[in-house]
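One structure below.
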Amino acid sequence: MKIATYNINGIIGRLPILLRWLEEDAPDVVCLQELKTSDDKFPRREIEGAGYRAVWHGQKSWNGVAILARSVLPVLTRRGLPGDPDDSHSRYIEAAINGMLIGCLYLPNGNPAPGPKFDYKLRWFQRLHHYAGELLDLKVPTLLIGDFNVMPTDMDVYAPKRWRDDALFRPEVRKAYARLVHQGWTDALRHLHPDERIYTFWKYWRNSFERDAGLRIDHALLSPDLTGHLRSANVRRNPRTWDHTSDHAPVMIELDLPYATGGRR
């Protein structure tokens, strides 16, 4: 079963990019971030025409997350991260698919730091930490996947010294990510590629992609009962070369799940 995360950076404007990639890579499940569109304008008809069913949590002009599944309808289990009833940002959606829970998230950027946006990011991280612990207590196969807006280590950024004060790389954020992983989650890419520099995001300017001056900020965290089923994890760099593409590339993991049904394997 192939599961991907992709910060599409505007699903309406980049719908042709998304549909082309779905056709070429044929993932079974896709978690999208930065839809940047309201619920009523989500391109459901086009997504279904590509063979996928979807649940989504949109927001006009900002944020927004969605989960797509091929040939099956994701069973929505949560829309919005618990812990702050006044939080209006559309950053978390969760669904049951093929015997597992999949939480798709778009963690706040937090810049400029320090400041109110950075404080909100740390509070959101704390809420995620608390809820992720509850998910582990359920003893259900669970995947937390999406754009975490954090480079966990120096290996995850092309020029660490330049990023020391950035909200994606400050010590508080890296420590928050480490605490989350230490609950019992497995970082899929790093688990299979412990010593490899792997990036998932490249800025548009200064030929960042061509120079491979990137960041690894898109992650897939597996609960303990999924880790043993992990077969591959990689970045699908090709869509990042296309015209009018997102500044992120999709991250794909493959799980060998004996209980999975539906879609192509």
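The values are calculated or read from the model by the stated rules, or taken from the named source; none is laboratory data. This one's a predicted model, so the numbers in the text were calculated from it and none came from an experiment. Cβ coordinates were reconstructed from backbone atoms using ideal geometry, including for glycine residues, and neighbour counts include every protein chain displayed.
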Open item on the list: So in the stretch 17-42, with the set limited to residues that are without any contact (Cβ under 8 Å) to a residue 60 or more places away in the chain and part of a loop (DSSP other than H, G, I, E, B), which one is surrounded by the fewest Cβ atoms within 10 Å (Cβ to Cβ)?
Closed with: Ser38
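Take His57 and decide whether it is surrounded by 16 or more Cβ atoms within 10 Å (Cβ to Cβ) and either without any contact (Cβ under 8 Å) to a residue 40 or more places away in the chain or within 28 Å of Asp165 (Cα to Cα) (or both).
yes
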- [ ] Look at the stretch 204-228 and say how many of its residues are of a type in the set (Ser, Thr, Tyr) and under 22 Å from Ala132 (Cβ atoms).
- [x] 2
Open item on the list: Which condition from (1) without any contact (Cβ under 8 Å) to a residue 60 or more places away in the chain; (2) of a type in the set (Phe, Trp, Tyr); (3) surrounded by 21 or more Cβ atoms within 10 Å (Cβ to Cβ) is the one that Phe201 breaks?
Closed with: (1)
TODO: Please give the number of the condition Leu81 fails out of (1) hydrophobic (A, V, I, L, M, F, W, C); (2) more than 30 Å from Phe169 (Cβ to Cβ); (3) under 18 Å from the mean Cα position of the chain (by Cα).
DONE: (2)
Open item on the list: Of everything in the stretch 71-115, what is touching a residue at least 60 places away in the same chain (Cβ under 8 Å), buried (at least 19 other Cβ atoms within 10 Å of the Cβ) and not in a strand (DSSP E or B)? Give them in sequence order.
Closed with: Asn98, Gly110
- [ ] May I ask you to list the residues in the stretch 165-178 that are closer than 17 Å to Lys117 by Cα and free of Cβ contacts under 8 Å to residues at least 40 places away in the same chain?
- [x] Phe169, Pro171, Arg174
TODO: Hey, can you tell me all the residues within the stretch 226-263 that are in contact with a Lys or Arg (Cβ under 7 Å, 6 or more places away or on another chain) and modelled with pLDDT under 95?
DONE: Gly263
TODO: Of the numbered conditions (1) buried (at least 24 other Cβ atoms within 10 Å of the Cβ); (2) not in a strand (DSSP E or B), Leu68 fails exactly one; give the number of that condition.
DONE: (2)
Open item on the list: Can you find a residue that is at pLDDT below 95, of a type outside the set (Gly, Ala, Ser) and in contact with a Gly (Cβ under 8 Å, 6 or more places away or on another chain) anywhere in the stretch 83-100?
Closed with: yes
